[in-house]
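Enquirer: Dropping a structure here in structure tokens format, bear with me for questions.
Just so it is clear, none of the values below were taken in a lab; they were calculated from the coordinates. Computed from a predicted model, the values in this text were never measured in an experiment. Ideal geometry is used to build each Cβ from the backbone, glycine not excepted, and the neighbour counts take in all protein chains shown.
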Amino acid sequence: MSSIVSSYQAANVAFSAVPDAHTCGGKADGGYTFCAPKRGGGDFFIGLDKSSAPENDLPAIKALFKSPACNPAPASMPPGGSMPAGSRVYVVNSCLPAFVREWAGRGADGVGQNCYGAALFAAGYERMKGRYADPEEAAYYLKRDYSPAPCMSKRAMGNIVIYSRSKSPFDAGEHAAFELPGGLVFHKGGWKANYPYEIVLLHGAMKAILAHYLPTGDERFGPGPDPSDYEGFSPRCYSQKSALMKRKTSSTRQDRMWFLPLMEHYSQGLRTAAGFVWGEFAKNRMSLLSVENMWRVLRAFSNRLGNADAQRALLSLDDGVAEAYLELKSLSWQHGAMAGTYAPISARRRGADLEKLYREHYMRFDAEFSRETMLYLKLLRVPVAFRAAVQKSFEKRLREYDPAAFASSDGARGIPYMDELIKAIRGIVKNWKPPAEAVLTSN
């Protein structure tokens, strides 16, 4: 045995084998078997074929996990006897992404992260941390950064797996996972808290989602899901391109100077609100006026993209602009899901509850309202010396509205935020002209 392997044996890692404590992939072409814990906190193992040369173990493991920094430690016995007899077994915790290592086998602690968000965050996309990502956002990253690849290959580690009934390449399908060696994947079944983060066989992901189904609301009185809805899906795998995120792009001045700062502002607000637990969320969610303003920005940017091929239009933009739009679009859905889950209004009390909702949450003249207004005044190039006076006038104008009465009127589309803001500016700043990139349409 080589001196490298012998030095590892000096720090041999022993553990008690627990039957069925691990999920193990089938023996791969590379002569190894990879096993992952079924419950949080367990160790990850790889067993190398006894016919291979021991001195090649370390470089082979590093290449398999695409991690020069991984530090495998020999173990005294295979987990639960799941590996071929005579395999040289190593603990490979250090070879895996921290997110996979720390969350595999754990239940979610709240709503938010879904399959696309979990798979992309595991692949290194920090913008996905703890949040929902919709299929359009996932498809964008696939088209931008990935190429089709064979599943269960010797270079499987870190690939994105898409489960779909469609044969179209780069279609986001209906489920996504993060590929691991040996025919295993790391995934989360959905955005609800009852779906755990887990590692399963590549071809067993859809069945795993079905196994974690829990009825909620009216679903409790129904027959439950039809198993056939989870059949017929084929996994398609994608590997990152070598020249990640390097391509020629362009964006307009309006994209950079108007849409980007606003989209980032509302994304931050949604991230904060979505992070609250249910009791805090009802009290601290974004104001309804800010939500309307957010949708105004999203609508305007969507119109800017056009309807012909939004994905192609997004891929032609600067990365930061496209990413900001897609994140805001995904987060707006997450916020809506939380509102529906945590703040239901019964039919019996709809009138009273809606009135209370609008009076308490439609306009809150707080620090967040000031930040939002000041951002618009900055983007509209209102001189700093006039901003405080404009904001005071603007707030006075908005206080004249009764949000509950306004919301209940026929055809109401929301308080005209931009209209009132422009009036407040023009009432104080003489000869003011909005910049060319500003979008002045109201709610």
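Enquirer: Between ASP229, ASP134, ASP145, which gets the highest mean-square fluctuation from a Gaussian network model of the chain, Cα cutoff 10 Å?
Expert: So, out of ASP229, ASP134, ASP145, the one fluctuating most is ASP229.
Enquirer: Order of HIS265, HIS212 from fewest to most other C-beta atoms within 10 Å?
Expert: Lowest to highest Cβ neighbour count: HIS212, HIS265.
Enquirer: As I understand it, the value is the acute angle between the Cα axis of helix 367-379 and the longest principal axis of the Cα atoms of the chain; what does it come to in degrees, rounded to 10?
Expert: It is inclined by approximately 80 degrees.
Enquirer: Moving to a separate point now. Please flag any cysteine in the chain that has no other cysteine's Cβ under 4.7 angstrom from its own Cβ.
Expert: Among the cysteines of the chain, those whose Cβ sits 4.7 Å or more from every other are CYS115.
Enquirer: Okay, next question. Between 0 and 90 degrees, rounded to the nearest ten: what's the tilt of helix 135-145 against the longest Cα principal axis of the chain?
Expert: The angle comes out near 60 degrees.
Enquirer: So how far, in whole Å, is the C-alpha centre of the range 32-95 from the one of the range 182-214?
Expert: One Cα centre to the other: 23 Å.
Enquirer: Still on this model: Taking the Cα atoms of the range 297-373, what is the range of coordinates along each of the three principal axes, in descending order and whole Å?
Expert: Cα extents, longest axis first: 48, 31, 19 Å.
Enquirer: With the Cα gyration tensor of the chain in hand, convert its eigenvalues to equivalent ellipsoid semi-axes via √(5λ) and list them largest first in whole Å.
Expert: Equivalent-ellipsoid dimensions as semi-axes: 50, 25, 19 Å.
Enquirer: State to the nearest 20 debye the size of the charge dipole of the chain about its Cα centre, where the only charges are +1 on K and R beta carbons and -1 on D and E beta carbons.
Expert: The dipole magnitude comes to about 1240 debye.
Enquirer: Against the globular-protein guess of 2.2 N^0.38 Å, express the Cα radius of gyration of the range 253-428 as a ratio, rounded to two decimals.
Expert: 1.10
Enquirer: Another one. Which order, highest average first, do 148-155, 176-183, 324-331 follow once you tally other Cβ atoms within 10 Å for each residue and take the mean per peptide?
Expert: Peptide ranking by packing, descending: 176-183, 324-331, 148-155.
Enquirer: Given a Förster distance of 41 angstrom, what is the FRET efficiency for ARG220 paired with LYS283, based on the Cβ-Cβ distance and rounded to 0.05?
Expert: Approximately 0.90, to the nearest 0.05.
Enquirer: Can you sort TYR90, TYR417 so the residue with the fewest Cβ neighbours within 10 Å comes first?
Expert: Starting with the residue having the fewest Cβ neighbours, the order is TYR417, TYR90.
Enquirer: Say each of LYS430 and GLU55 gets a label point 7 Å from the Cα, pointing the same way as Cα to Cβ; how far apart are those two points in nm?
Expert: Using points 7 Å along Cα→Cβ, the separation is 8.9 nm.
Enquirer: Going by C-beta contacts inside 10 Å, put VAL321, VAL384 in order with the fewest on the left.
Expert: If I rank by nearby Cβ atoms, fewest first, I get VAL384, VAL321.
Enquirer: Sort the following peptides by mean Cβ neighbour count (other Cβ atoms within 10 Å, averaged over residues), highest first: 309-315, 217-223, 289-295.
Expert: The densest-packed peptide leads the list: 289-295, 309-315, 217-223.
Enquirer: Moving on. Sorted by average packing, counted as other Cβ atoms within 10 angstrom per residue and highest first, what order do 42-48, 195-201 take?
Expert: Peptide ranking by packing, descending: 42-48, 195-201.
Enquirer: Rounded to the nearest Å, what's the spacing between the alpha carbon centres of the range 139-174 and the range 329-377? Just the number, please.
Expert: So the two Cα centres are separated by 37 Å.
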